[in-house]
Structures are given as structure tokens and as C-alpha cells.
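The block underneath contains the structure these notes are about, expressed in C-alpha cells.
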Amino acid sequence: MGTINTKLANVAKKYAEALFEVTENANTTNSVMNDVNLLSDTVSENLELRNFLQNPIIKIEDKKDAVRQIFEGKISETVMNFLYLLIDNSRSDAIDDVKNSYGELIKTKENLITVKAVTAVEMKDYLKEKLQKKLEEKLSKRVEIEYSINPKIVGGMIVEIDGKTIDNSVVTKLKNIKKQLI
């Protein structure tokens with residue numbers, strides 16, 4: 001199953017790159033991202049619609065008519081045509097992966113990176129600002145931080161940057177001390 005998901009992600013990336021190229025030339029990348037989010041969320045949340053779009057027995061024109069009725073006036077013509085392309089190529093199953101890949105392309109263009117920070121308690125605003133400035137300085141990128149709370153780490157912080165984890169939590173430090181003592 002992992003192979004299928006990897007193949008789908010690779011296919012979706014190519015579609016996202018094509019969409020990005022078109023929207024970057026038209027200077028509409030961010031508005032199109034909003035439309036792609038709406039499209040992906042709608043399909044993800046509606047099992048009936050998802051099954052309808054992925055059913056090979058249903059005619060392509062019937063699928064296009066249905067999505068036109070659902071999304072007309074809600075998404076741009078660019079995204080509507082892109083959706084038609086996905087339907088024509090039996091790739092409506094790639095919508096969510098396209099959304100993710102497209103979002104990553106925008107972040108790369110804007111020199112933006114998303115960092116995850118886990119703390120035991122809610123961080124004060126001035127500490128959040130200090131962390132953001134420090135990370136932007138170290139990474140030479142704009143940083144967007146997703147904060148979460150996990151009381152089990154007791155104190156300190158766990159930061160995930162680009163798939164790498166920096167674990168500076170109290171619980172990990174205690175485990176390391178315990179290993180050294182044993």
C-alpha cells in the first residue's frame with residue numbers, strides 16, 4: 001500500500017507543479033491555494049462525492065457536470081479547469097496530495113518553512129516571538145511555527161524542522177541521565 005501512496009504522491013506532485021507554473025505566471029498562487037483547499041476539503045469531507053468522482057463506471061461528462069454544479073462560482077476558472085483535467089485523467093484521487101504539494105511549492109517560493117514546537121505548557125507570546133526570531137536567524141528562512149502542548153514532556157521543548165527532531169524535553173534529559181547511571 002505504501003507504494004501506491006508514493007506513486008500517487010509523485011503523480012500529484014507533477015500536477016501541482018503544472019498548476020503552480022500556470023498560477024505563478026498569472027500571479028494567482030495564493031488565491032488558487034484557497035480554492036484548492038476548498039476543493040480538497042469538500043471532497044475529503046464528502047464520502048459520496050469522493051466515491052462518485054472515483055467511480056470508473058460513471059461517465060466523465062457526468063462527473064464534470066456534477067462538479068460544475070457544486071463548485072461553480074466558488075472556485076476560480078483555473079481550478080475548475082484543473083479539476084476537469086484530473087477527472088479526464090482519472091486522477092480525482094490525487095486532489096489531497098495535489099493540495100499538499102502545491103502548498104509546499106508556495107512555501108518554497110516564499111522561502112517559508114513550517115516548524116513544529118511541542119511544549120509542556122502554553123508558551124508566553126514573548127517567548128514565541130523570541131523562538132521565531134532565533135529560528136529565522138538560524139535557518140535563513142521565514143518561519144511559521146505550529147505549536148502544540150504535551151504535558152508528558154514535563155518541561156523544555158521538542159522542535160521538528162524539516163523531518164529532523166531536536167528533543168530538549170525534560171523527560172528525555174532524565175532518560176539520558178538514567179542511561180548514563182545504569
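The values are calculated or read from the model by the stated rules, or taken from the named source; none is laboratory data. Here the structure is a predicted model, which is why all the values come from computation and not from measurement. Backbone-built Cβ (ideal geometry, glycine too); neighbour counts: all protein chains shown.
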Unique match (being modelled with pLDDT of 95 or more and small (G, A, S)) among S148, S169: S148
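Conditions (1) farther than 15 Å from I95 by Cα; (2) in contact with a Cys (Cβ under 8 Å, 6 or more places away or on another chain); (3) hydroxyl-bearing (S, T, Y); (4) free of Cβ contacts under 8 Å to residues at least 12 places away in the same chain, marked per residue:
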residue: K13; (1), (2), (3), (4): no, no, no, no
residue: A26; (1), (2), (3), (4): yes, no, no, no
residue: L38; (1), (2), (3), (4): no, no, no, no
residue: N51; (1), (2), (3), (4): no, no, no, yes
residue: I58; (1), (2), (3), (4): yes, no, no, yes
residue: D65; (1), (2), (3), (4): yes, no, no, yes
residue: Q69; (1), (2), (3), (4): yes, no, no, yes
Only one of I145, I58 that is in a loop (DSSP other than H, G, I, E, B) and surrounded by fewer than 18 Cβ atoms within 10 Å (Cβ to Cβ): I58
Count - residues of the stretch 63-80 that are assigned to a helix (DSSP H, G or I), surrounded by 13 or more Cβ atoms within 10 Å (Cβ to Cβ) and not basic (K, R): 7
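Looking at D35, is it in a helix (DSSP H, G or I), surrounded by fewer than 15 Cβ atoms within 10 Å (Cβ to Cβ) and not small (G, A, S)?
On the way: in a helix (DSSP H, G or I): yes; surrounded by fewer than 15 Cβ atoms within 10 Å (Cβ to Cβ): no; not small (G, A, S): yes.
So D35 does not fit the description; no.
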Number of the exception - G103 against (1) part of a helix (DSSP H, G or I); (2) without any contact (Cβ under 8 Å) to a residue 60 or more places away in the chain; (3) surrounded by 13 or more Cβ atoms within 10 Å (Cβ to Cβ): (2)
Single match in K141, K99, K116 (criterion: in the same structural domain as Y15 (by TED's automatic domain parsing), of a type outside the set (D, E) and under 27 Å from T29 (Cβ atoms)): K99
